Every structure is written in structure tokens, then in C-alpha cells.
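What follows is a short report on a single structure.
The values are calculated or read from the model by the stated rules, or taken from the named source; none is laboratory data. Given the structure is predicted, the values throughout are model-derived calculations rather than measurements. As a convention, Cβ positions derive from the backbone with ideal geometry for all residues, glycine included, and neighbour counts pool all protein chains shown. Remember, those area values only see protein heavy atoms, side chains included, never the ligands or the DNA or RNA. Shrake-Rupley method; radii C 1.70, N 1.55, O 1.52, S 1.80 Å.
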Amino acid sequence: MLYHPGMKKNRFVLIGLGHLGQELLKRLAAEVELTVVEVDPGLEQVAQTIRVGAVQFIAGDATSRLVLEKAGVNEADGVIVTTTTEEVNLEVARVLREQFEPRRIVSIGITREGVKAFEEMGVEVVDIIKSGVTELRNAMEQTVRTVQGIGLGENEIVEVEVHPHSKLAGKALGSIAPINWRVGLIYRDKQIVMPRKDAVLKAGDRVVLLGDPQTLAMVSEIFTFSFTRFPLEYGPVAAVYLGGAEDEAFFEELAYIFRVFPMKRAVFIHSADAQLVREKFERFITKENFRSVEQRAWALSPLSALKDLFKERKWELGLIVFSRLSMFGRLGAFRARRGRKGFFLTLADMAPCPVVLLGGTFPYEKVALPLVGGLELHHIFGTAIEISLSLESETEALLVNPSEYISSEEDVQEFEGMKKAVSDMSLTYKRSVNSRILSGNPVEAMAGAVKDYNCLLVDAGGWKRQGWLRDLLDPDVLWQVMKRSPLTSFLVPPLEESL
């Protein structure tokens, strides 16, 4: 696996270390980070014996708000409540619901009345009488079944269950951008739902997925709640083009990219005569101790070089990296080379994965998301959430208030709809995204605002495909903002037209 020490692990808070809690400690995957809250401090040694050096132990009463706050329940991927007293479990769940906003709460239920009470609170409950530790572990690890008996038997066909907190629950299939995978069938309440564009996924649906095994492993996590693996849902390989203008700052930012995004392999394509850049690249590889790295020398244009790579690995690519300096030159955005927009549009059509232009503005603590009319908001917003979770960054949506003098009623309604969509999707993803309302000329307003951020996220599907003359009369806001901004920019590929 490519070097990425900053890769985020799943983290859970385990309440109670009785027999059930101890069994769960033994069975949860080793890469899961655990914080244990237990009223008996003598059990710390037990926890450390089971998972040597891999458990944070907090001695205290889990019905206390201060104890739960210390455990970091809001930052965890979930809270598992496994004390042996149902009244305690119910009280812990009540405090969690009233005082905190945990992403998930899973508790054992001991009596029929207790199970019902948990369900009324919206807590995921495992009936300990009917189930057991395995069911509880599966609830936390979101296991995925491989479909056997057909296909190649290489995990290219899997069945997943849509989790209530999955970002895909409640979405129509037509609003999802499947890259390297497809939905085969949907099972709901012993009925078959055909995977048409207007079919809406519901919590509890069992979905058969088909596609590249490596991609399916990541996509399955999105269906089963976890969605912090950007950009592995597109593919595990990063392609980096070195055009000759890359400096040490570029390679420093590249190292940061590989730390925060868990890519598994990298292909470096460089100009055949870029001797200085090759030397910098080789020092970079040695310094960062990278594995799974491939080099390719190419004498033609970047697009020609990438075309050759696409023929071999199109469906493996998860990220394509350029230097902003190499793409736009040292004279800046207003003197950008002609044809660059066509280059990126062609690239988006050829390689349906994100493109990032490194501008040296890392770490990406604040991400700007410019929104204009006509975007697939669910698509770009979902990607923004994934990136912000991977980066642990703050994201703000930029919108421009329609001019009261020249805007139509439709423009005003579209603006209000975008504001509402940002609010609604923030609630859906349980991730706060603020709307920053700007005034004036959209291009000037957004281009001026992005100086307050470290990173720009742009939906390439929202770029206008028009000639330069039409561009003068009707500016392409997203393209102009991206071109003028000095920030590192992520260009998200257009939503695919069909499943």
C-alpha cells in the first residue's frame, strides 16, 4: 500500500466491559480504534491484555455527560452500549440522544420492552437473546456478503445492505455516479426492485453490486455507512503528471496528498527531457519511502500521455494530479494558455475520476464549494463531504445573491432552492456546511472570496461547453473562478448519464 500515515481508521466508543464487551474486544477487527468506558477501573488491565496498546480506557460512569464528552462520542464513528443492565443501557442511550450528536448508537436489548424502548429512541438495537456477539460485531463492522456460484468468484459480485445512516439511503439511482461498478438488483421486503434511474434506495434494502473488486470493496462501505474513503470509490491508483515546472513545494504538497488520501499505487508520468524534475521526483520517492510506484517517460502532450495510461488502467484511476503552475504558467490566470478549458473538459470525458491541481495552499483546513444553477447538487455535495471528512476540514458553500435589477423570478427561486439544498443535505450527512452569501458579479464575487480558503472544490459537470465568443457574453462562472484562483483545486467529474 502507498505511504499514507494520515489515513483515518474507524473509531468506536465501547460502553461496558463485561463478558459481552470483552468478547467484542476480541472479535472486532484489529484496525478498529477503540475507547472503552467502564465504571470498574480494575478492568483496564483486562482491556489492555486483550488488545495490547490499542485501547484507550476511561474509568467512569457512562451515564455522566462529562464522561461521555471525555470519550469523544461525537467524533467517533459509533457508540456501542453493552453493559449487563438494561436500565443502564437505556439511560446511556437517553443521555447520548439528548446531550450529544453521535453518528451511530448501537445497544444490546435484553427484554422485549427494552428493545422497543431503544427502537423508539432511534437506537440500533441487537436483541441479545436472539442474536449475540457476532451480530453486534457485524452491526459495527458492516460486513458485506460475496455472492457465490456465479461470475469469476473474485468478489466482483457482492450483496450489501443499505444502512440507515448511509449517504445513499433515500437517493434515486439516477443521482449516483457509479464508476467501475453497477447496481444489479435491489431486494426489498421479499420483493425485487429493478435498478432503474428513478428507483430510490431505502434503509434495509439488499443491493447486489457488480464491478471491479477493489472498487466494490470501497463502494460497499458507502452503502453500509462509512464514507471517508475518497477517492478510492473511483479507483486505487493516482496518476501524477510532471510537466517540468514542478518545484520542491509541489512535491511537499504531493506528499501531503498521499498522507490524507489512502491511494494504493501511483504512476508518475514525466516529460522525457525533464531531467531536473526527474531528479526531484527520485529524491522525493526516496525521502518518503514510497512503495508501489511506477515511472513513465513521455515526449508528447499531457493528454497524449494520459490517453495511453487510460487504455490500460482507466477503471483503476482514483485521482489525476497536475501542478497548477505547469497548467497555467507563471504569468497567472489572466494570461492562462488558450485551450486549457478544452483540455480539462476532454480529460473529464476520458477519465471519470477527480483531477487535482496543486497550488501549494495546503493543509486544506477550509474548503470552498462554489455553487451555481444547474449543478447536480447531491453529487458535488456528497463529494465535498467525503473530502472534508478525509481532511478533517471545514467546508463552506459559496452562493451569489441574484441582482434585484437583472435577475428573473426563476433565478431567485433557483438561488433559494440551492440555499435550502445545502441546509437539507447538511442534515442528511450530519455534517455542518455553512452557506456564505455573496453579492455582485458572480465571477468577481467568488474569485474574491476564495482567498479566505485553502482549497477549491469545483464540479466540472457544471462548466459550460461553449466557444470563446459566447464565453465573453455569458461567462462560465465555475471555470473562471477555478482559473483565477491560486488555490489547490479539486475538479469533480460530471455525473454519469446512466447506470
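Brief remarks on what is shown
- Those residues of the stretch 382-410 which are out of contact with any Lys or Arg (no Cβ under 7 Å at 6 or more places or on another chain) and of a type in the set (Val, Ile, Thr), in sequence order: 383, 387, 395, 400, 406
- Out of 135, 141, 154, sole residue that is at pLDDT below 85 and either surrounded by 17 or more Cβ atoms within 10 Å (Cβ to Cβ) or more than 30 Å from residue 17 (Cβ to Cβ) (or both): 154
- Residue within the stretch 215-236 that is touching a Lys or Arg at 6+ places or on another chain (Cβ under 9 Å) and assigned to a strand (DSSP E or B) present: no
- Within the stretch 170-201, the set of residues being basic (Lys, Arg) and open to solvent by less than 30 Å² (accessible area, probe 1.4 Å) comprises just one member, 171.
- Answer residue from the stretch 202-216, given it is under 14 Å from residue 159 (Cβ atoms) and either open to solvent by less than 30 Å² (accessible area, probe 1.4 Å) or over 21 Å from the mean Cα position of the chain (by Cα) (or both) and is modelled with the lowest pLDDT among those: 216
- The residues in the stretch 43-75 that are more than 31 Å from the chain's Cα centre (by Cα), polar (S, T, N, Q) and not in a loop (DSSP other than H, G, I, E, B) can be counted, and the count is 3.
- Contacts under 7 angstrom Cβ, first residue in the stretch 53-66 being open to solvent by 40 Å² or more (accessible area, probe 1.4 Å), partner assigned to a loop (DSSP other than H, G, I, E, B) and of a type outside the set (Lys, Arg), 6 or more apart: 61/39
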